[in-house]
Amino acid sequence: MPGTLYLCATPIGHLKDITLRCLETLKSVDLILAEDTRQTRKLLSHYQISVPMKSFHAHNEQGRVQDVVNWLLGGQSIALVSDAGLPLISDPGAGLVRAVQDAGVVVTCIPGPSAPATALLLSGIAPMPYVFLGFLPRQGKARRESLRTWLGRSETLVLFEAPHRLVEALTDLVEVFGPREASVCRELTKIHEEIRRAPLDQLLAHYRSESPRGEITLVIAGGEALPAEAAVVVSDAELQAAYAALQAEGLKRKEIFQTLQQRYGLSRNSLYSRLLDS
């Protein structure tokens, strides 16, 4: 009889933030697949769990999937965990789940801590509707292009960022979204947990002077979507001419875009794509 694949949520910071069902599952399975076995070993040692582990991460996922399917078909029960929170969320595992399901093996989730959900609750920003973006692209141009796809959208945005890239990310967020309200949620559930909510430009100024540490989740307020019927038909050449005229008047780029947005009823996303990336 085939085993079961359990997707187990582990603490995002505080070791006590783990469910009884998760502990029971980790104790009862035949094998634990861990993103980083060293990190998971700390959790298992804390709860005196001694179950064999194998690594399962972005660099070996493709080669490991068929082995896992075979182990499950052979009757083993297996738990998949990430370093923190739910597996698959900005972590490997989606391909494994699909392959296991296609093989006719049961996959179930042991729910629990989630950094995006925790950040939404603590951010002070409207939590619904929201979109989770995971990690932004590391390169500036790709990062800005990714962010521009969310201009003119009303959803709250949630994303992860590394502390050493926070200032770069905030710089691009200010350029794309202007002084939109946001929260930097740092070290969630840990001793030095910090929630700092302010306009994006103020957050940028703060973290330029005070280097952030620890794991970071960003929550960014949604914008106002313009109705499509409000748009005025205008050619790219006319837009370029209007941009140049306002620039000659001494307006800053943000002011120019605000003016053009109001004048033509276009979303900021459309303006950026037609002007800056043309």
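The values are calculated or read from the model by the stated rules, or taken from the named source; none is laboratory data. What you are looking at is a predicted structure, and each value in this text was computed from that prediction instead of being measured. Reconstructed Cβ throughout: ideal geometry from the backbone, glycine too, with neighbour counts over all protein chains shown.
Here are some conditions: (1) under 28 Å from Pro11 (Cβ atoms); (2) at pLDDT 95 or above; (3) not assigned by TED's automatic domain parsing to the domain that holds Glu35. Arg138 meets all but one. Which one does it not meet?
Status for Arg138: all satisfied but (2).
If I go through the range 94-135 residue by residue, how many of them are assigned to a loop (DSSP other than H, G, I, E, B), over 29 Å from Thr25 (Cα atoms) and not hydroxyl-bearing (Ser, Thr, Tyr)?
Selection size over the range 94-135: 6.
Out of (1) of a type in the set (Val, Ile, Thr); (2) closer than 27 Å to Leu218 by Cβ; (3) surrounded by fewer than 14 Cβ atoms within 10 Å (Cβ to Cβ), the odd one out for Thr40 is which?
Looking at each condition in turn, Thr40 falls short on (3).
Quick one: would you say Arg98 is closer than 29 Å to Ile32 by Cα, out of contact with any Phe, Trp or Tyr (no Cβ under 8 Å at 6 or more places or on another chain) and surrounded by fewer than 17 Cβ atoms within 10 Å (Cβ to Cβ)?
In short, yes.
So Pro179 clears everything in (1) touching a helix residue (DSSP H, G or I) at 6+ places or on another chain (Cβ under 6 Å); (2) crowded, with 19+ Cβ neighbours inside 10 Å except one condition, right? Which one?
(2)
How many residues are among the β-branched types (Val, Ile, Thr), in contact with a strand residue (DSSP E or B) (Cβ under 6 Å, 6 or more places away or on another chain) and under 17 Å from Ala9 (Cα atoms) when one looks only at the range 109-129?
Final tally of qualifying residues: 1.
Quick one: in the range 141-151, which of the residues that are at pLDDT below 85 and in a loop (DSSP other than H, G, I, E, B) is farthest from Val174 (Cα to Cα)?
In this case the residue turns out to be Thr149.
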